[in-house]
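Here's the structure, in structure tokens; my notes come after.
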Amino acid sequence: GGLTDLDLSGVERVTDEALVRVARALSNLQVLGLGGVPLTGPDAVWNLAPRVRVRQHDVMDWEEAVDRHLATHKVQGCPDLTALCLRRCELVTDRALQRLSACESLCHLDVSECRKLTDTPLMALLGGAGGGMRTLVARGCCITDATLHVLARNSASLTTLDVSHCNSITGGGLQRVARAATLLQALRVCHT
């Protein structure tokens, strides 16, 4: 069919097999929302990407399975991946996120509360995005001004930045991003 956007977030009775069948039937599917869907793991979703051109994976709260998948599989099978939400996947590590640097189309990334992440993978990812990152949500991550400096150099498309509760960033790093990101519309830096 002509359906391009399917949001199944919160649907509790979707099996991996049903998801595969739906995705195969919807040849134009581009965006797939799965927040809170109790699948057996992210493998089912990532295996769909090369076949059905799925461009958004919301894998919030899959924790260990997400980290294991990113660390052991070639994410290069998702060249059209534009958005990825890893919010509250607290066990995702630097090693796993570094695999995403091959996803050159990635322009929306949410790594909120991924407390094991540091500057290193984010800097690699932002440097590889070629200025295409439009949204970065890193609320509660252990990042520093080093990430903000790389972001400032590659911020041609940045419209939204959320670094709330990132206690190691300074006003200088924020100022550098704000000056460089001419399209920036939303900047969140709450530290309460």
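Note on C190 and D5: their simple-model spin labels are 2.5 nm apart, each label 7 Å out from Cα toward Cβ. Report note on the peptides 182-189, 150-157: ranked by the mean count of other C-beta atoms within 10 Å, highest first, their order is 150-157, 182-189.
Across the alpha-carbon set of region 80-192, the Rg to Rh ratio works out to 0.92, Rh being the Kirkwood radius. Computed from backbone phi with θ = phi - 60° and the Karplus coefficients 6.51, -1.76 and 1.60, the 3J(HN,Hα) list for region 141-157 is 8, 8, 9, 10, 4, 4, 5, 5, 5, 5, 4, 4, 6, 10, 10, 3, 10 Hz; x is used for glycine and proline. A simple spin-label model places pseudo-atoms 7 Å from Cα toward Cβ; at V14 and N167 they are separated by 3.7 nm.
Here the extension length gained between R24 and T135 equals 37.0 nm, from 0.36 nm per residue of separation less the Cα-Cα distance.
Every number in this text was worked out from the coordinates using simple rules, so none of it is lab data. As the structure is a computational prediction, the values presented were derived from the model and not from experiment. Methodologically, a virtual Cβ is constructed for each residue, glycine included, from the backbone with ideal geometry; neighbour enumeration extends over all protein chains shown.
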